[in-house]
Amino acid sequence: MGGVEVTDNKDIRLNIGRSVFENPVFLASGPAGYGLEYINYIDMRKLGGVVTKTISFEPRAGNPGVRLQETPSGLLNSIGLENVGAELFFREKMALLASAGIKLVISLAAEDWDDYRRLIGYVAERDNIEIVELNLSCPNVERGGMAVGTDPDLLGKYVRLAKELLPETDILAKLTPNVRDIGGLALAAEEAGADGITAINTIVGMDIDLSSSKPVFKRVRAGLSGPAIRPVALDAVWKISRTVKIPVIGVGGISSVDDALKFFMAGAAGIQIGTAIFYDPGLPERIIERLETGGIPSRIEYLTGKTERIEDGGKAGDNSGAGCREQG
Amino acid sequence: MSLMNRPYFRTRIAENTRLSPSACKIVFERPEGFADAFPGQFISIRVSEVTVPLLRRPFGIMDLSSTGISALIKVIGPGSSILAAKRAGEEVEIAGPLGGVPFDRPGGEGVVFVAGGTGLGPVIFCARSWKRENISCKTHLFIGAQTKEELLDGLYRDDFSFIYSATIDGSAGYKGNIVELLEKEIDKGGIPSELLYSCGPKAMVRALVDRTGSKFKNHYTSLESVMGCSLGACRGCTVPAIEDGKKVMRSVCLEGTVFNSEAIDWEEWK
């Protein structure tokens, strides 16, 4: 932490739309389940919030076969959005979570447009849904998921519907890195009214079982998370935060306090911890303690001093040149 | 770290005893606050301070005393080999006890255990726990291994009423696999048919279900799986099951580790 300046700004609250969080550190959607499972491990009330496991309208059994495979500093998963469904979640789990004092961001996903309308319509009938995260980027489901999250027009359409039907709720759009231009997608979400961007979802990967000469996962491809993807996530946050004005929540491989600081320096307004809680559940609280004592580190200066936005809006993005061209 | 009695701990290795070329017994100092455990529960060990390997590794509890937690470690990959190389005095992080469903206490004429690999650990814990509770039921252990030295027979000689062993290379006991030996002993007679407890690799448990399933009134099995959170949250360690005629996914870490073998959807779980 030596080189990171200590800022005077000790107010570490985070605003997303009208939502205010005591600090900018969240548990990411997925690893922590609904939040309740980790209640003896992490002091949830100290967190900025917990992003729930993704909820779909109908319950989902998730994917068959192997669901987890470790890789060097990474983890491939093919869970397939197993969840109890909207009705059970909102009827039972919500109240338990609220009574435990957990500040929730509810993650939502759908299979197609009709399913999405139904889900958002259902959420619209519930009271006190402060903020949701649209998971338009899961690589582990047959339909919906990444297909929506890779098309800026479709992404915009989904975000607009949520803004329209949930006028009292703030909307985070969670983006996939499996695209040529994540900045363009972020811009599409912002223009559709999103209150913030979460980046990134897992990176598509696969593995092969040598003993059977078959793919490890039944769906063949799976989602990679963990420290292995951290530089990719950091780069995405860097790009997005220079493309949109709304807050960016960085997620992907954060596994130390120093990692977290880098995300803020790259332009994140908040961060989420996912895979790391499997092996280091104390990490989110250590990050919060560091931010409380040292403040949130300032964004680093743009290397060339230029602050131009990426203007191609997802049409002809540039991932191939490691972002060199967009820096001019 | 205030407020809660958190079930994860930094502790030290009290002893690490090599039992065979591929196995060792590690005793961890029991940290203050580590709850009493029941057979079938496990601890999750962070074997490295860096991120290779990334995940904590689950190991069945082999025994628990007021001062120590012991586990049987078989070297099968990078995680277990790092752990097996650790010496007394080294610090590690463990979480536990974990696992939601215990082995039921037995009644009646006796119980048959079948153990393979690290599955021996929980089976030993079960036999010892019942002895301490003065449950006077006959225990029959069927233990299989590749070779004589991998049977680790010094570890459990006094824990069971009867021990039947099989080795693949024929260096001790029956030559062949443990499921064949169990079938032969059942045919001979004298093996109680009420309760079978198995703990070991999936292939072993599957063979038991296929070949001896009809011979026992109840077969409970403590399953192994790669785990993410070990708490039932991430849904990474699920097995397909059938409950009330419905297909469901059940987590090994929380909704197990012990399952009625009839509840597992073996058709689905390839």
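Observations on the structure shown:
So that you can scan it fast, the table gives a plain yes or no per residue for (1) of a type in the set (A, V, I, L, M, F, W, C); (2) free of Cβ contacts under 8 Å to residues at least 12 places away in the same chain; (3) closer than 16 Å to B:VAL114 by Cα:
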| residue | (1), (2), (3) |
| --- | --- |
| B:ASN134 | no, yes, no |
| B:ILE143 | yes, no, yes |
| B:THR147 | no, no, no |
| B:TYR156 | no, no, yes |
| B:PHE160 | yes, no, yes |
| B:VAL179 | yes, no, yes |
| B:LEU195 | yes, no, yes |
| B:ALA203 | yes, yes, yes |
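- Selection status of B:VAL123, in contact with a helix residue (DSSP H, G or I) (Cβ under 8 Å, 6 or more places away or on another chain) and surrounded by 17 or more Cβ atoms within 10 Å (Cβ to Cβ): no
- Qualifying positions in the range B:153-169 - among the β-branched types (Val, Ile, Thr) and either in contact with a helix residue (DSSP H, G or I) (Cβ under 6 Å, 6 or more places away or on another chain) or buried (at least 17 other Cβ atoms within 10 Å of the Cβ) (or both): B:ILE163, B:THR167
- Meets criteria (modelled with pLDDT of 95 or more and closer than 18 Å to B:HIS140 by Cβ) for B:SER193: no
- Contacts under 9 angstrom Cβ, first residue in the range A:271-283 being within 9 Å of chain B (Cβ to nearest Cβ) and over 10 Å from A:GLY252 (Cα atoms), partner part of a helix (DSSP H, G or I) and not polar (S, T, N, Q), 6 or more apart: A:ILE277/A:TYR38; A:ILE277/A:LEU283; A:ILE277/A:PRO284; A:ASP280/A:ARG286; A:PRO281/A:TYR38
- Of the residues in the range B:57-68, at least one is within 14 Å of chain A (Cβ to nearest Cβ) and more than 16 Å from B:ARG30 (Cα to Cα).
- Unique residue being in contact with an Asp or Glu (Cβ under 9 Å, 6 or more places away or on another chain) and modelled with pLDDT of 95 or more when the list is B:TYR156, B:TYR174: B:TYR174
- B:ALA172 aliphatic (A, V, I, L, M), under 16 Å from B:GLY116 (Cα atoms), assigned to a loop (DSSP other than H, G, I, E, B) and touching a helix residue (DSSP H, G or I) at 6+ places or on another chain (Cβ under 8 Å): yes
Residue-by-condition table, conditions (1) of a type in the set (D, E, K, R); (2) touching a Gly at 6+ places or on another chain (Cβ under 6 Å); (3) within 22 Å of B:LYS246 (Cβ to Cβ); (4) away from chain B (no Cβ under 11 Å):
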{"residue": "A:ILE55", "(1), (2), (3), (4)": "no, no, yes, yes"}
{"residue": "A:PRO59", "(1), (2), (3), (4)": "no, yes, yes, no"}
{"residue": "A:ASN63", "(1), (2), (3), (4)": "no, yes, yes, no"}
{"residue": "A:GLU70", "(1), (2), (3), (4)": "yes, no, no, no"}
{"residue": "A:GLY74", "(1), (2), (3), (4)": "no, yes, no, no"}
{"residue": "A:ILE79", "(1), (2), (3), (4)": "no, yes, yes, no"}
{"residue": "A:ASN83", "(1), (2), (3), (4)": "no, no, yes, no"}
{"residue": "A:ALA86", "(1), (2), (3), (4)": "no, no, yes, yes"}
{"residue": "A:ARG91", "(1), (2), (3), (4)": "yes, no, yes, yes"}
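- Residues in the range A:259-273 include at least one that is part of a loop (DSSP other than H, G, I, E, B) and crowded, with 24+ Cβ neighbours inside 10 Å.
- Count of residues meeting criterion [away from chain B (no Cβ under 14 Å) and either in contact with a Phe, Trp or Tyr (Cβ under 8 Å, 6 or more places away or on another chain) or in contact (Cβ under 8 Å) with a residue 12 or more places away in the chain (or both)] in the range A:97-112: 9
- Test: residue in the range A:194-204 that is at pLDDT 95 or above, surrounded by fewer than 17 Cβ atoms within 10 Å (Cβ to Cβ) and within 14 Å of another protein chain (Cβ to nearest Cβ): no
- Restricting the range B:235-248 to residues that are outside any strand (DSSP E or B) and within 12 Å of another protein chain (Cβ to nearest Cβ), the residue that is nearest to the chain's Cα centre (by Cα): B:CYS237
- On inspection, B:SER44 fails the criterion of being farther than 17 Å from B:PRO7 by Cα, within 14 Å of chain A (Cβ to nearest Cβ) and among the polar types (S, T, N, Q).
- Filter result (crowded, with 19+ Cβ neighbours inside 10 Å and acidic (Asp, Glu)) within the range A:9-60: A:GLU37, A:ASP43
- Of the helices (runs of 4 or more DSSP H) lying entirely inside the range A:109-213, those containing at least 2 residues that are within 30 Å of A:PHE264 (Cα to Cα) and under 18 Å from the mean Cα position of the chain (by Cα) span A:146-149, A:152-165, A:182-191.
- Strands (runs of 3 or more DSSP E) fully within the range A:10-103 that include at least 2 residues being modelled with pLDDT of 95 or more and more than 25 Å from A:ALA268 (Cβ to Cβ): A:68-71.
- Within the range A:202-243, the set of residues being of a type in the set (Ser, Thr, Tyr) and in contact with a Lys or Arg (Cβ under 7 Å, 6 or more places away or on another chain) comprises A:THR243 only.
- The residue that is nearest to the other protein chains (Cβ to nearest Cβ), among those in the range B:5-41 that are of a type in the set (A, V, I, L, M) and more than 24 Å from B:ARG132 (Cα to Cα), is B:ILE13.
- Among the residues making up the range B:143-169, those that are assigned to a loop (DSSP other than H, G, I, E, B), over 20 Å from B:ILE26 (Cα atoms) and not small (Gly, Ala, Ser) are B:GLN146, B:THR147, B:LYS148, B:PHE160, B:ILE168, B:ASP169.
- Restricting A:ARG242, A:ARG230 to residues that are farther than 30 Å from B:PRO240 by Cα, among the charged types (D, E, K, R) and touching a Phe, Trp or Tyr at 6+ places or on another chain (Cβ under 8 Å) narrows the list to A:ARG242.
Residues checked against (1) among the β-branched types (Val, Ile, Thr); (2) more than 7 Å from every other protein chain (Cβ to nearest Cβ); (3) touching a residue at least 24 places away in the same chain (Cβ under 8 Å); (4) not in a strand (DSSP E or B):
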site	(1), (2), (3), (4)
B:GLY228	no, no, yes, yes
B:ALA233	no, no, no, yes
B:ARG250	no, yes, no, no
B:GLU255	no, yes, yes, yes
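The values are calculated or read from the model by the stated rules, or taken from the named source; none is laboratory data. Source: prediction; values computed, not measured. Don't worry about glycine lacking a Cβ; one is built from the backbone with ideal geometry, like all the others, and counts go over all protein chains shown.
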